[in-house]
Amino acid sequence: MRPGERAEGQPLWKRLGWMAAIWGASVGVLGVVAMLLRGWLNS
């Protein structure tokens with residue numbers, strides 16, 4: 001997407017793909033943080 005181009009012009013599959021990628025990355029980061037905290041608290 002070029003600067004100034006609105007997201008509404010993007011195909012639905014592309015917008016859903018970006019949303020799924022962001023969601024997956026956030027779930028992954030939260031999982032890593034949870035594992036680190038669990039390991040730290042159990043040591």
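Here are the numbers for the structure shown:
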read-out: For the range 30-43, Karplus couplings with θ = phi - 60° (6.51, -1.76, 1.60), whole Hz, Gly/Pro x; value: 5, x, 5, 4, 5, 5, 5, 5, 5, x, 5, 6, 7, 7
read-out: Inter-label distance for VAL32 and MET19, nm, one decimal - labels placed 7 Å from Cα along Cα-to-Cβ; value: 2.5 nm
read-out: Karplus-derived 3J(HN,Hα), 6.51/-1.76/1.60, for each residue of the range 8-17, Hz, glycine and proline x; value: 4, x, 7, x, 4, 4, 6, 5, 5, x
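Coordinate-derived values only; no laboratory data. Note that this is a predicted model, so its numbers are computed, not measured. Here Cβ is always computed from backbone atoms with ideal geometry, including for glycine, and neighbour counts include all displayed protein chains.
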